[in-house]
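The values are calculated or read from the model by the stated rules, or taken from the named source; none is laboratory data. Worth saying up front: this structure is predicted, and the values here are computed from it rather than measured. We place every Cβ from the backbone using ideal geometry, glycine too, and count neighbours over all the protein chains shown.
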Amino acid sequence: MGLSRRTFLAGTAALVAAPALAKRSFAREPGAPLPIPSLVDLKSDPQVLEAIAGKSSMLAGATTPTLGYSQPYLGPTLRVSRGSIARPKVLNRLSQPVTTHWHGLHVPAIVDGGPKLEIAPGASWDPELLIDQPACTAWYHSHVHHRTAQQVYQGLAGMIIVDDPGAPDPGLPKTHGVDDLPLVIQDRAFDSDGHLAYSSRRHTMMHGFKGDTVLVNGAVTPKASVPAGLVRLRLLNGSNARIYHLRFADDRTFHQVASDGGLLPKPVALTSLRLSPAERVEIIVDFSNASPVSLLSGPDGNTMMGGGMMGRGMMGGGSDNPPQAAGGTEGEFDVMSFAPDRNKPAAVSTLPAALAGAPTPNLGDPVRTRRLSLDMHGGGMGRGSMGGGMRGGGMRGGGMMGELAINGRAFDIDRVDQELKRGETERWVVSANMMAHPFHVHATSFQVMSQNGQSVPYETMGLKDVVLVQGEAEILVRVDQPASDAVPFLYHCHILEHEDGGMMGQFTVS
Ligand SMILES: [Cu+2]
């Protein structure tokens, strides 16, 4: 691999160039086989998920304390099936409370796993999840207020595959771990002991934590052996804050076939894609030329000073947090690599022209409009303000830092912020200031209608539960699941430091 500038951000490159540097005792060695999480089918009997503390081998020669669900880091891929009841049993073997939120599943708030549903140390939780939604890639993660960022960072997350046995077969690769790969992409940092490093400095909280090392399924820049044919990649950005700008090193065309809420009507040809925190994208990649290739990402670029808010695509100057500073295009880095193997049979050789079973948006006309302003500032902005006066204002002198809020109010677990009527479609106008914020709504898939006044074609965006808001986004939201005052649903920024810091609100559905 050598000392390519793509090996990773500046810190890693320095390590490779000077292995004697005392600060970094353990090497990040790319190219380990891609770990494939075990597949646990939640269709039938209760299946136990244990939140545990484990030890992982992420760096050469180091042991890294981590958290996981039934494994040392991350958790199994859970498969649920439309029309059936999934019965996970979550056991908390840790000394701190956890929750398990089913991100992307359309289930009632009482089983959604939000911050009101803490599982105490030693306790267990037995939700019944009636699955009734299109096939998609979802995920699960802990969602304890003020602890989400740390707990997900330590490893409390995993992927969910929703199957829809009643829908027509779209003709896509579907053998888990063979030609249908779950890829949980996360950036992490390590201290001199090889332990996961995390900073809760104000700078980190405001920008979101960004590490200097990329893990895929818990391995540093791994290599996947794949059939020399069509392969489906289920990409989940499980990072706390980093936005990836993904492309293949040879700039090959690939096809997006699904977004958060399920299949797109037909494959969309791309040469790059942007994946913000908590978003999922399914792509089909053609490895039939059998050439090894790397998947790369450009720099995140989502900083308050970078002026990225109104930008498109590659935002701002590409500066990351200071320890990982890597300017401009030199900040491009390897995420993982693929080694096609002609001895592995490819089950699917032709990309379908249309994707049978894709959901159709049927949200209808909105009955009301709500405005949500994702605020970063010193507070005092009125409820419902669109934040126009704050746009592009920057954090001058740093003196304004402190408040993360929505409509001027920081999260309060005892306050309901919005009251929705079950089954009613609403238009939400979501605005963001200072940075781009990935906005998530629990319990539903929404349709993005426009961004900054430009209409968004459904054919390329599909149904979403996270949308990166840069400026202003207009979405159509309908929630069909109930939520009471006692256990409301949530909407929030999915930069986990922003979520923990108060950029979150609660809503009931009656
Ligand atoms: Cu945010």
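Tabulated data for the structure shown
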quantity	calculated
Enumeration of residues in region 498-510 that are more than 8 Å from the ligand (Cβ to nearest atom) and either over 15 Å from residue 421 (Cα atoms) or not in a strand (DSSP E or B) (or both)	500, 501, 502, 504, 505, 510
Failed item, numbered, when residue 340 is tested on (1) over 21 Å from the mean Cα position of the chain (by Cα); (2) assigned to a loop (DSSP other than H, G, I, E, B); (3) at pLDDT 95 or above	(2)
Residue within region 483-491 that is part of a strand (DSSP E or B) and of a type in the set (Ser, Thr, Tyr) present	yes
Hey, residue 168 outside any helix (DSSP H, G or I), in contact with a strand residue (DSSP E or B) (Cβ under 7 Å, 6 or more places away or on another chain) and touching a residue at least 12 places away in the same chain (Cβ under 8 Å) or not	no
Breaking point among (1) more than 16 Å from the ligand (Cβ to nearest atom); (2) within 19 Å of the chain's Cα centre (by Cα), for residue 420	(2)
Residues of region 36-65 satisfying the condition of being more than 26 Å from residue 161 (Cβ to Cβ) and either in contact (Cβ under 8 Å) with a residue 12 or more places away in the chain or not small (Gly, Ala, Ser) (or both)	53, 55, 59, 60, 61, 62, 63, 64, 65
Counted residues, region 106-162 - those being of a type in the set (S, T, N, Q) and more than 17 Å from the chain's Cα centre (by Cα)	2
Cβ pairs under 7 Å, 6+ apart, first in region 232-247 and over 27 Å from residue 501 (Cα atoms), second part of a loop (DSSP other than H, G, I, E, B) and modelled with pLDDT of 95 or more	232/172; 232/173; 232/179; 246/272; 247/271; 247/272
Residue 106 being under 16 Å from residue 240 (Cα atoms) and assigned to a loop (DSSP other than H, G, I, E, B)	no
Number of the exception - residue 52 against (1) assigned to a strand (DSSP E or B); (2) of a type in the set (A, V, I, L, M); (3) modelled with pLDDT under 95	(3)
Sole exception among (1) at pLDDT 95 or above; (2) crowded, with 22+ Cβ neighbours inside 10 Å for residue 207, by number	(1)
Test: residue in region 222-231 that is of a type in the set (S, T, N, Q), farther than 23 Å from residue 103 by Cα and in contact (Cβ under 8 Å) with a residue 24 or more places away in the chain	yes
Residue within region 423-434 that is surrounded by fewer than 16 Cβ atoms within 10 Å (Cβ to Cβ) and part of a loop (DSSP other than H, G, I, E, B) present	yes
Subset of region 469-482 [closer than 25 Å to residue 282 by Cα, more than 12 Å from the ligand (Cβ to nearest atom) and in a strand (DSSP E or B)]	473, 474, 475, 476, 477, 478
Filter pass, residue 449 being free of Cβ contacts under 8 Å to residues at least 60 places away in the same chain and either among the aliphatic types (A, V, I, L, M) or outside the structural domain of residue 203 (by TED's automatic domain parsing) (or both)	yes
Selection from region 423-459 of residues that are aliphatic (A, V, I, L, M) and within 16 Å of the ligand (Cβ to nearest atom)	430, 432, 434, 435, 436, 441
Checking residue 410 against (1) within 21 Å of the chain's Cα centre (by Cα); (2) surrounded by fewer than 18 Cβ atoms within 10 Å (Cβ to Cβ); (3) within 16 Å of the ligand (Cβ to nearest atom), the condition it does not meet	(1)
Unmet requirement for residue 466, which otherwise passes all of (1) under 24 Å from residue 140 (Cβ atoms); (2) more than 12 Å from the ligand (Cβ to nearest atom)	(2)
In region 403-422, the residues that are assigned to a strand (DSSP E or B) and touching a Leu at 6+ places or on another chain (Cβ under 7 Å)	406
Selection count where residues are surrounded by fewer than 18 Cβ atoms within 10 Å (Cβ to Cβ), touching an Asp or Glu at 6+ places or on another chain (Cβ under 7 Å) and modelled with pLDDT under 95, scope region 260-308	0
Qualifying residue in region 238-245 (condition: farther than 30 Å from residue 448 by Cα and either of a type in the set (Gly, Ala, Ser) or crowded, with 21+ Cβ neighbours inside 10 Å (or both))	no
Residue list for region 212-223, restricted to those being more than 21 Å from residue 69 (Cβ to Cβ), crowded, with 24+ Cβ neighbours inside 10 Å and not β-branched (Val, Ile, Thr)	212
Hey, residue 328 at pLDDT below 95 and in contact with a strand residue (DSSP E or B) (Cβ under 8 Å, 6 or more places away or on another chain) or not	no
Region 453-496, residues that are in contact with a helix residue (DSSP H, G or I) (Cβ under 8 Å, 6 or more places away or on another chain) and surrounded by fewer than 23 Cβ atoms within 10 Å (Cβ to Cβ)	481, 482, 484, 487
